[in-house]
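A.B. asks: Below: one structure in structure tokens.
What follows draws every value from the coordinates through simple rules; no lab data is involved. Everything quoted here is computed from the prediction, not taken from an experiment. In this analysis, Cβ positions are derived from the backbone assuming ideal geometry, glycine residues included, and neighbour counts consider all displayed protein chains.
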Amino acid sequence: MPDKAPRVASGVYCPMENVMNDSSRDPIITEDEIRALNFTPEDILEIEKVILSSVHVARRKVAMVVGMTIGTLRDRDEDKWKHVSDIYCAYVVRCLVFRGELVGYGDLFRMRYSEINLPVADLDA
């Protein structure tokens with residue numbers, strides 16, 4: 001049986017090679033999935049506040065901020081937030097970037113490969 005293990009150019013087994021070549025995007029949440037969550041405007045504002053409180057001037061990985069957000073919300077009220085997902089929180093992060101409330105780096109459709117931070121105030125103003 002042929003050896004199917006990933007190998008680098010030197011021929012040495014490299015289990016991380018496939019991970020490092022991962023170019024697929026994270027799943028996208030659909031409008032129907034968003035509606036099914038039945039979040040009120042107040043709920044969405046709370047999610048945004050938790051995300052913004054987890055971000056600083058220094059860059060942070062989107063995946064880390066998303067994980068912290070879900071953990072914080074569920075610590076507050078497990079039943080209320082049991083359906084909040086990583087793909088929904090990543091969607092909210094992208095919305096905050098598009099509105100200029102956060103600065104995004106990398107491909108924001110790939111949580112593990114993107115970073116965010118708070119915008120730095122214009123020093124000349």
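A.B. asks: Each residue of region 98-108 in order: what ³J(HN,Hα) in whole Hz does its phi give by Karplus 6.51 cos²θ - 1.76 cosθ + 1.60, θ = phi - 60°, with x for Gly and Pro?
C.D. replies: Running phi through 6.51 cos²θ - 1.76 cosθ + 1.60 with θ = phi - 60° gives 4, 7, x, 7, 9, 10, x, 10, x, 8, 5 Hz.
A.B. asks: Hey, if you put +1 on the Cβ of every Lys and Arg and -1 on every Asp and Glu Cβ in region 25-117, which of 111, 30, 70 ends up farthest toward the positive end of that dipole?
C.D. replies: Positive-end residue among those listed: 111.
A.B. asks: Continuing with this model, one more query. Provide the per-residue ³J(HN,Hα) series for region 77-84, in order, calculated from phi with Karplus coefficients 6.51, -1.76, 1.60 and θ = phi - 60°, each as a whole number of Hz, with x at glycine and proline positions.
C.D. replies: Along region 77-84, the couplings run 7, 4, 5, 5, 9, 5, 9, 5 Hz.
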